[in-house]
Amino acid sequence: MSSRERILGRVRRALADVPQDDTSYEQAVPREYLREHGDRSVEQTVDLLAENLADYRALVHRTDAEELPNLIMRLLAQRGSQSVLVPPELPPEWMSAAGPTRVHDRAASTPHELDKVESVITGCAIAIAETGTIVLDGSPDQGRRRITLVPDHHICVVRVPDQVVSSVPQALERLDPTRPLTWISGPSATSDIELDRVEGVHGPRTLEVVLVSGRASAEENA
Amino acid sequence: MSGTFVGMPAFPVAAHDAVRNETLRGNLRHATHTIRAKRAKAVAEVSDWAELREAGKRIKDHTLFHLDRYLVQLEEAVTAAGGTVHWAADADEANRIVVQLVKETGESEVVKVKSMATQEIGLNEALEEEGIRAYETDLAELIVQLGKDRPSHILVPAIHRNRGEIREIFTREMSEWGRPAPEGLTDTPAELAEAARLHLREKFLRAKVGVSGANFMIAETGTLVVVESEGNGRMCLTLPETLISVVGIEKILPTWRDLEVFLQTLPRSSTAERMNPYTSMWTGTTDEDGPQNFHLVLLDNGRTDTLADEVGRQALRCIRCSACLNVCPVYERAGGHAYGSVYPGPIGAILSPQLRGTASEIDASLPYASSLCGACYEVCPVAIDIPEVLVHLRERIVEGGQVTREGNKVILKPAKGHAAERAAMRAARWAFGRPGALRTGQRLASRTRRFHPRTLPGPGRAWSESRDLPTLPAEPFRDWWQRTQGGNTDKGAAK
Ligand code: SF4
């Protein structure tokens, strides 16, 4: 007998006492919890996102579409970055004012090559206000998972309010599970030394989130 | 079950040693008290905590009651998404599968994300025997590995180490494993974290094989979820060419939507955060992004035996948040090592004896490693009634009865007159005989919790009375505690 059959057989025998029950899954589980917490206007939701991002030590900037290229240029200059990783379809205007060399991620790029690049700039799929989370789904304006992991400085642009949801339940509704997803809430951190939170371990130690308003974007990636 | 902890003394002996170690006690007290207050605050932030907890419990129960169906569905979904599914009935089989998969890649080292399942099966040792080096990459795991130590907490396996000790371990051991610790390393947490970053970086960048567990697996989509903080998980899950995930069969959730419950309750319960820094979700393989070979090893190793126990099976709802450890007065005093298993604390006291059986002294004594104050149940995000299971397991140890071992029904002999009995009694006396150990738990135990006292019935009762075992009080524990000034005026005889 294969282990598969053995395990499934053991499961069935273990459940011999459980009465046959054909209640559908939807009915079996009451979901009386909230779809979102609190009652907020759209602006308030965006404010909450900014607040919660900052609470977990992300650096938050707010701007509009027109000012965005200048802001990105300044952020990169302040950081002193000479090179910036860009995903395949980053909107070209975002980097139109920036000086540093653009490095394009290629399938053949090795982790060691990525490690030499100082910053990375991406869009995102959605952002969650209640938890201060941005979610990447590997769309062409975000690129492969590794590019937002190896460089030490990540600038993530969120279009507000279109890409902002209030809560975790609303986020899951808009995400596609068949895509590789990375949920990011603040820069890399650890609580492993005396259960106290310290920022900055393996992921980017500086996370800058740019909330950009003022342009109704076309299609959502989510 | 692996032999990692074979030879452990029974709980009271190990706990006694721990209590004598002042540093260990100080470290544990500091860490658990810090996190308790933070967790309470994080939970209070969401007004629907009770509803989330209830939904979490119901989702898990429903899944367990239809586990065969969901396992098959998961297998289909993972396979359709480009992954390969393996089934392992026990630790040895899981280790053999992983060793074989690593050998097929031709590599002799792997990077690992913290995973309870791989610790449970002793995977690192099994790989070592075959000449494959496993690098732990979670900061706390790294501290344990470099210190040639054992984990003592589910979430923070090096919780028993303070910053000074960590500095010393890094300075002494890092050079043995790769890049040495920076010159003049101090004991500030930020510098220690930086030392770990530098030490592990070279390993991440060259790694060809990653090994992980998973917090959740979604049956309908085949998605796996890993929740973490440091980014070492992301490194191991995305940079290698081959990813091998070893996951207990109870980690399934039926639908994608179910994550909306657990992604709210898990971070708040474990690290007391609204959300942990990083969560990775992947479904099979994705062209040009992440590992191109993905293997999922589904692990039984005593889980189906646990599932066969009508009372004890609720332990399989556990999402390993570690909240029950952090509030437990006995854990705080005894330390994680005393539990003799990778699962310490209240959850370990009900899980280990079910996964491994109660043949050894340590496993027979574990259900007694508790004062039954109920604080663990209060904080558990999936409402596992740990005291209920403890009492149930005690009854079975004392009276014997039918259990399932490796899929077969066997009759357990009563413990009377055996070494297990003596170990159990010592554990009970230890847990009850220390008012200081209990006080904290009392504060947290809710007045409203209906604690149904279960004195050992039938022969168990006679056994306990004749042996001066502190049986359970017939009145609510808290009231009994106050009335007797912590048991000082009443030596614990059943009322
Ligand atoms: S038993 Fe409950 S509180 Fe303890 S680790 Fe498991 S889920 Fe968390």
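Read-outs: derived from the displayed coordinates by stated rules, not from any lab. Everything numeric in this text was worked out from a predicted model, so none of it was measured. Quick reminder, even Gly has a Cβ in these numbers, built from the backbone with ideal geometry, and neighbours come from all protein chains shown.
Shielding of peptide B:52-63 by partners, expressed as the average count of other chain Cβ atoms within 10 Å per residue Cβ, is 3.
With a/c under 1.5 counting as rounded, go ahead and sort region B:11-303 into rounded, prolate or oblate using the C-alpha gyration tensor (a ≥ b ≥ c being the square roots of the eigenvalues; past the cut-off, prolate if a/b is larger than b/c, else oblate). Can you show the working numbers first?
Details: a/c = 1.65, a/b = 1.16, b/c = 1.43.
Oblate, since a/c reaches 1.5 and b/c is not below a/b.
Can you tell me what percent of all Cα-Cα pairs in region B:95-153 are more than 16 Å apart?
Working: 687 of 1711 pairs.
Counting every Cα pair in region B:95-153, those more than 16 Å apart make up 40 percent.
Largest first and in whole Å, the equivalent-ellipsoid semi-axes of the protein assembly as shown read 43, 26, 26, each the square root of five times a Cα gyration tensor eigenvalue. Backbone amide hydrogens, once placed in the peptide plane, bring B:Val85 within less than 5 Å of B:Leu296, excluding anything fewer than 5 places away on its chain. Could you work out how far apart the two model spin labels at B:Glu288 and B:Ala80 are, taking each label as a point 7 Å from the Cα in the direction of the beta carbon, and quote it in nm? If labels sit at B:Glu288 and B:Ala80, their model points lie 2.6 nm apart.
Across every pair of non-identical alpha carbons in region A:29-157, the mean reciprocal distance, once inverted, gives a Kirkwood radius of 16.1 Å.
For chain A, just say rounded, prolate or oblate: build the C-alpha gyration tensor, square-root its eigenvalues into a ≥ b ≥ c, call rounded for a/c under 1.5, and beyond that prolate if a/b exceeds b/c, oblate if not. It comes out prolate by the Cα gyration axes. Counted over all Cα-Cα pairs of region B:125-207, pairs farther apart than 19 Å make up 35 percent. Judged by a Cβ-Cβ distance under 4.7 Å, the unpaired cysteines of the protein assembly as shown are A:Cys124, A:Cys156, B:Cys236, B:Cys318, B:Cys321, B:Cys328, B:Cys373, B:Cys380. Expressed as a fraction of 2.2 N^0.38 Å, the value expected for a compact globular protein of N residues, the C-alpha radius of gyration of region B:263-302 is 1.66. Positive contributions from Lys and Arg (+1) and negative ones from Asp and Glu (-1), summed over other residues with Cβ under 13 Å from the Cβ of B:Asp48, come out at -3. Assuming charge only on the beta carbon of Lys and Arg (+1) and of Asp and Glu (-1), the dipole of chain A about its Cα centre is about 880 debye to the nearest 20. When peptides B:206-217, B:71-82, B:261-272 are sorted by average Cβ neighbour count within 10 Å, with the highest value leading, the order is B:261-272, B:206-217, B:71-82.
Counting, for every residue in A:144-152, the Cβ atoms of other protein chains within 10 Å of its Cβ and taking the mean gives 5.
When the expected Rg is taken as 2.2 N^0.38 Å, what fraction or multiple of it is the alpha-carbon Rg of region B:25-159?
On the way: Rg = 19.3 Å, N = 135, 2.2 N^0.38 = 14.2 Å.
Cα-based Rg divided by the globular estimate yields 1.36.
Per-residue mean of foreign Cβ neighbours for B:267-275 is 5 (Cβ atoms of other chains, 10 Å radius).
Here region A:6-96 is described by how far its Cα atoms reach on the three principal axes: 67, 40, 25 Å, from widest to narrowest.
In this calculation the C-beta distance from B:Arg69 to B:Glu45 is compared with R0 = 45 Å, giving a FRET efficiency of 0.80.
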